[in-house]
Amino acid sequence: MNIPANLKYTNDHEWALITDDVALVGITEYAQSQLGDIVYVELPQVGAIVQQGAAIGTIEAVKTVADVYSPVSGEIIAVNAALKDASELINKDPYGEGWIAKIKITNQDEIDNLLSPADYQKLIG
Amino acid sequence: MADESAVKKTPFYDKHLACGAKIVPFAGYWMPIQYTSIIEEHRRVRTTVGVFDVSHMGEFIVKGKNAERFINYLTINDVTKLVPGQVQYSAMCYPDGGIVDDLLVYRFPDHFMLVVNASNIAKDFAWAQSNLMEEVELTNISDQTGLLAIQGPQVFETLQPLTETDLSAIPFYHFQQGKIAGIDVIISRTGYTGEKGFEIYHNPQYSVHLWDAIFSAGKPYQIQPIGLGARDTLRLEMKYCLYGNDIDQTTNPLEAGIGWITKLDKPDFIGKAALLKIKAAGLQRKSTGFAMLERGIPRHGYRVLHQGQEIGIVTSGTHSPTLNKPIGIAYVRTPFSTVGTSIEIDLRGKIAPAVVVKTPFVPAHTA
């Protein structure tokens, strides 16, 4: 299972690419493989203020539905509009074209709550 | 599943692993939920041909002088209408009209075979046993029976080269005993997909041989293994009932939309008196197909509303790969079950519009 070394992870299987005060957020390879075919994604609103661990969107797969939780607290500054018509991008490229949102981080200290790639590897076994 | 060591393997288990299946415990068996993708597997069955391991299903043999009389009392359809070589869709009910299980009845020249849902094997066998008549011999052969379903528009091209039996001479819901790839099998023109298809009952000793022969024969048609995920989306597009979702002991066959197999004019059978009463009183609710008007998938247990008032409950739902939109089945109060009625579905707190539609959702191509 692909777990890129440059990302941080959550217990709920999101990833965050942190560049200064911006986090690019998506779900992991493991998460998409567990969900199977993703058919709709409900994206957060740009401008919404979110808390770390709060639900920011919903992913509907054929078999099941899952919430997406924000890895950081901050403001949604962009969402991946391509997912509206091509939600399968999350299945195909979860760490790239399947990104979900961009969040301006308001509390840098909370980044310490996230998992390292090694810890995430341990989580999924 | 509390105790995974008790979960059984079908004779195709190693094949599933070799095909890269995602395997889960289902109804007491390790079953493939998907191999590549539910949507891709679904489309394979609708466009060419796919293969399902359904060895988890249960098979009972009923023999003896009173076999026909016994099955006619135990089940709601009319077994006396069956000729040897014919299959009948039926169900067993409790005395109150609630459904024990839905099943297939096969009539052989000198005995019958009942095919029941995997999750209900023990319960069904105990139920049949407790209603047994004299001069009836009931045997559970589930563990000695492998079952492979081959389904899709190119099923004839795939299977005919493997057998001397003229497959085109077996009408829908009929069967013949014959050989496939040299193995003695029961070739049954049945399925759970809405496509042309066969189900091949066989001795599990030869399961791997059959699998290899069928996949080799189906290669020109991009044959592929199909998991339980696509089995569910395929049956849902046809509005075929799934026990545990759409029907169970709290539902009766009349409201479930299988009144066509409920023969209230035949001699006494278990549940008849209750079903006659239910029919005379008029159905309070009906199993109803609906389509969502927006994105979001209805799922088992979601509430159905009409102008904000609760009128029913979703029993099955999915994204239809053929229609490319979400569809579902719900029990709704009878006045709201008419095609074209606007309803709403409570999608985890979000009220989304839907409309009652004609079913099957997708035309069947079984003929």
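None of the figures in this text is laboratory data; all of them are computed from the coordinates on show. Predicted model, so just to flag it, every value in this text is computed and none were measured. Ideal geometry is used to build each Cβ from the backbone, glycine not excepted, and the neighbour counts take in all protein chains shown.
Lys/Arg Cβ at +1, Asp/Glu Cβ at -1, dipole of the stretch A:17-123 taken about the Cα centre: which of A:61, A:47, A:115 is farthest positive-ward? With unit charges placed on the Cβ atoms, the residue in question is A:61. Ranked by the mean number of other Cβ atoms within 10 Å of their residues, highest first, the peptides B:187-199, A:110-122 fall in the order B:187-199, A:110-122. Among the residues of A:58-67, the average count of other protein chain beta-carbon atoms within 10 Å of the residue beta-carbon is 5. Fewest neighbouring Cβ atoms within 10 Å first, the residues B:42, B:111 line up as B:111, B:42.
According to the square roots a ≥ b ≥ c of the eigenvalues of the Cα gyration tensor, what is the shape class of the stretch B:133-214, taking rounded for a/c under 1.5, prolate for a/b larger than b/c otherwise, and oblate for the remainder? Because a/c hits 1.5 or more and a/b exceeds b/c, the stretch B:133-214 counts as prolate.
Sites listed here are trypsin sites (Lys or Arg not before Pro) in the stretch B:258-360 whose DSSP assignment is loop and whose Cβ has at most 16 other Cβ atoms within 10 Å: B:348, B:358.
Our helix-only sum for chain B, with -39,500 (n - 2.57) per DSSP H run of n ≥ 4 divided by its residues, gives a mean residue ellipticity at 222 nm of -5500 deg cm²/dmol. Of interest is the spacing of the C-alpha centroids, which for the stretch B:49-125 and the stretch A:92-113 amounts to 55 Å. Taken residue by residue and averaged, Cβ atoms of other chains lying within 10 Å of the Cβ of B:295-301 number 4. Of the cross-linked pairs A:8/B:350; A:84/B:196; B:239/B:263; B:8/B:123; A:63/A:84, which ones have a Cα-Cα span greater than 26 Å in the structure shown? Pairs exceeding 26 Å: A:8/B:350; A:84/B:196. What does the C-alpha gyration tensor say about the overall shape of chain A? Classify as rounded when a/c is under 1.5, otherwise prolate if a/b is larger than b/c, or oblate. Oblate shape, in that a/c is at least 1.5 and b/c is the bigger or equal ratio.
Residues whose amide H lies under 5 Å from that of residue B:357, counting only those 5 or more places away or on a different chain, are B:289, B:290, B:291, B:340; hydrogens are built 1.01 Å from N in the peptide plane. Averaged over the residues of peptide B:57-68, the number of Cβ atoms from other protein chains lying within 10 Å of each residue's Cβ is 0. Once you have a ≥ b ≥ c as the square roots of the Cα gyration tensor eigenvalues for chain B, tell me rounded if a/c is under 1.5, and otherwise prolate or oblate according to whether a/b is larger than b/c. Oblate, because a/c is 1.5 or more while a/b does not exceed b/c. Go through B:63/B:179; B:81/B:179; A:102/B:22 and tell me which ones have a Cα-Cα distance over 30 Å in this structure. Beyond 30 Å: A:102/B:22.
The distance linking the stretch B:284-337 with the stretch A:57-87 is 24 Å (Cα centroid to Cα centroid, whole angstrom). To make sure I understand the rule: partners must be aspartates and glutamates, Cα under 17 Å from the Cα of residue B:15, and not fewer than 8 residues away in the same chain. Which ones qualify? Hits, sequence-local ones excluded: B:41, B:53, B:212.
By the rule of a C-alpha distance below 14 Å, with chain neighbours fewer than 8 residues away ignored, the aspartates and glutamates paired with residue A:104 are A:20, A:21, A:75.
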